[in-house]
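Below is one structure; the comments refer to it alone.
The values are calculated or read from the model by the stated rules, or taken from the named source; none is laboratory data. Because the structure is a prediction, the values reported are computed rather than measured. Virtual Cβ from ideal backbone geometry, glycine too; neighbours counted across all protein chains shown. Ligands, DNA and RNA are excluded from the accessible area calculation, which covers all protein heavy atoms including side chains. Shrake-Rupley method; radii C 1.70, N 1.55, O 1.52, S 1.80 Å.
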Amino acid sequence: MFKFSGKSLLAEGVGVSVLAEKLGTPLYVYSEASLIESYRSFDKGFAKFPHLICFAMKANSNLSVGRVFAREGAGADIVSGGELYRALLSGFHPKRIVFSGVGKTMDEMKYALKKGIYCFNIESVEELHALNAAAKSLKMKAPVALRVNPDVQADTHHKITTGTKENKFGIPKSHIVETYEIAKSLKNIAITGIQAHIGSQITSVSPFEKFLKVMLELVDQLSAKGIALKHMDLGGGLGITYNKETPPSPSDLAKAFEPQLKGRSLKLLFEPGRFLVGNAGILVTQVIYRKRTGHKTFVIVDAAMNDLARPALYDAYHEIVPVHKNGSAKETVDVVGPVCESGDYFAKARHLEYPEQGEFLAIQSAGAYGFAMSSQYNSRPRAAEVMVSGKKWKVVRKRETLEDLIRGEK
Ligand code: LLP
C-alpha cells in the first residue's frame, strides 16, 4: 500500500522519506499488506476450484517476502537449487513446492527429491531420463508433470513470451502423449500432472483461454490412453498495472475459465510471480545531479540498472513519483543512473515535477523482478530491502558493503 498523504508518500503507515533517510538509498521498500492482499485476491478468485498457488520465487526471492506467502498457505514455484534452499528457509512446505526450469542438474534434482517436493515440471525426454536416474539412485519415485509448449501467443514482450514454438520451453504439444508413454514406462517416475506457462505480464484473458483449451484437449487425450492426472498447472503470467494497462483480475480469469472447467475435478496449480509482488514494492532513490544539455534534461539518481534492470532489458515502463511533492513545475526529463551504459535509465522523456538535488524519488511497481534481478555491475553493492507492516518496518536484507563485493576473491 503506497499512497500519498498530503505531499508525502507513505508505505502503509510509514513515511517513505523516513526510511530513505534512516536506511539510505537505493532502497527497496515492500508493503506486507499489499503482499497479503494480492495473495488473497488470487486465492479468493479461484475459490470455486480446488487449487494451489505456488509463488514464483524468481520474481522476488527475499526470505521475508516468501515467509508472508508461506504463512498464507501458499506453495512455491522454484527454478534452481538456490531457490529451493530459500523456499525451505522461508517456511514453504516441501509438499507445496514445484520445480520448474528447462535445465535442472542432477544435483538439483537429487536435492529436491531428498526434500520430498510435490512435483517436477519436466521439459524434455532427456531431462525425464535424468530425473528417473536421480530417483533410482535414491530408491525413490519422482513425481512429474510434463511441461507443454502449447504454441499459443501470449501477446506480451518477446523476451518474456515462453509458450510458442520459437521458445526453448516445454515439450511440443504434438509430442506430449508419446512423452507421457515414456514417463509411464520409467520405474522411478510417478506421473502426477501437466504444466505449462505461456509468458509473463499478460494483460488480457484470451491467451489464457486459448491455452486452457489446448491443455484440456491434452488431458482428455491422455485420459483416453489410461493416463490419469491429478493436477493441471497453468503457470503464472497474469499482468499488473505499470502504467495504463488494465489486466484481468484473478476472479475475471476464473470466470472465463469456468465454462471449460465445468465437471472436471483436476486440481489447478498456478505459479504467479509478478501479480503477487509487483505492486507491493518500490525502489527509492536519491537525486544526485541534474544536467541540462540544451537538447535534454537528465536527472541522475543513485539507483541504476544493476538495481532494477527492467527498463534497460525490456524498455519496461515504471511510474516515478517524488517521495515528497515539492510543488515545482513539471518538466520533461530522462531519469538515469550512474552506470556507464546508455541503457542505464529508468524513464525517458518523462513529465515529472522537477526534483531538487538530494530529493528522493520512488520508482513504482518494482517488487517483481527488481531486487531479484539485481547485480553488482560496476562494483555497486546491492541495495537494502525493508518490509513495512502498518507503522512498523524491518530491514529484511542489509545493504551490501564493499567487503561483500570481493567475498571469495583472491
Ligand atoms: N512459472 C514459470 C515456469 C515461469 O517461467 C515464470 C516466469 C513464472 C511462473 C512467473 O511468471 P509471472 O507470474 O511473474 O509472470 N524478468 C521478466 C519476467 C520473466 C518471467 C520469467 N518466467 C520481467 O521482469 O518482466
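Details
- The chain: calculated mean residue ellipticity at 222 nm from DSSP helix runs of at least 4, using -39500 (n - 2.57): -8500 deg cm²/dmol
- Only protein atoms count toward the accessible area here, which uses a 1.4 Å probe; on the chain, the carbon and sulfur part of that area reaches 52 percent.
- Taking amide H as placed 1.01 Å from N in the peptide plane, the amide H of A303 sits under 5 Å from that of Q286, each at least 5 places away or on another chain.
- All C-alpha pair distances within the range 264-410, sorted into 5 Å bins from zero, spread as 2, 9, 16, 21, 18, 14, 9, 5, 3, 2, 1, 1, 0 percent across the bins.
- Beta bridges per DSSP with both ends in the chain, % antiparallel, nearest 5: 50 percent
- Dipole magnitude (debye, nearest 20) for the chain, charges at Cβ of Lys, Arg, Asp, Glu: 1000 debye
- For the peptides 324-333, 266-275, the ranking by packing is 266-275, 324-333, with the highest mean count of neighbouring Cβ atoms within 10 Å listed first.
- Panel note: the C-alpha atoms of the range 100-185, placed on their principal axes, show extents of 43, 25, 19 Å (largest first).
- Taking only the alpha carbons of the range 32-276, we obtain Rg and Dmax values of 16.9, 53 Å in that order.
- Taking amide H atoms as placed 1.01 Å from N in the peptide plane, the amide H of A347 lies under 5 Å from those of V335, each 5 or more residues away in sequence or on another chain.
- Rounded, prolate or oblate (a/c below 1.5 giving rounded, otherwise prolate when a/b exceeds b/c) for the range 150-287 by Cα gyration tensor: prolate
- Highest to lowest packing among 22-35, 282-295, scored as the average C-beta count within 10 Å: 22-35, 282-295
- Gain in span if fully extended, I288 to V18, counting 0.36 nm per residue against the direct Cα distance: 95.4 nm
- Summary value for the chain: 20 percent relative contact order, contacts being C-alpha pairs under 8 angstrom separated by 6+ residues.
- Cα point-scatterer Debye curve for the chain, base-10 log of I(q)/I(0) at q = 0.10, 0.11, 0.12 Å⁻¹: -0.70, -0.83, -0.96
- Per residue value of the accessible surface for the chain (all protein chains in place, 1.4 Å probe), Å²: 44 Å²
- Each peptide among 43-56, 73-86 gets the average number of other Cβ atoms lying within 10 Å of its residues, and from highest to lowest they stand as 73-86, 43-56.
- Sequence-distant residues sharing a close amide H with S61 (under 5 Å, placed H): A372
- Reachable lysines from K159, criterion Cα separation under 26 angstrom, eight or more residues apart if same chain: K58, K104, K168, K173, K210, K213, K244, K348
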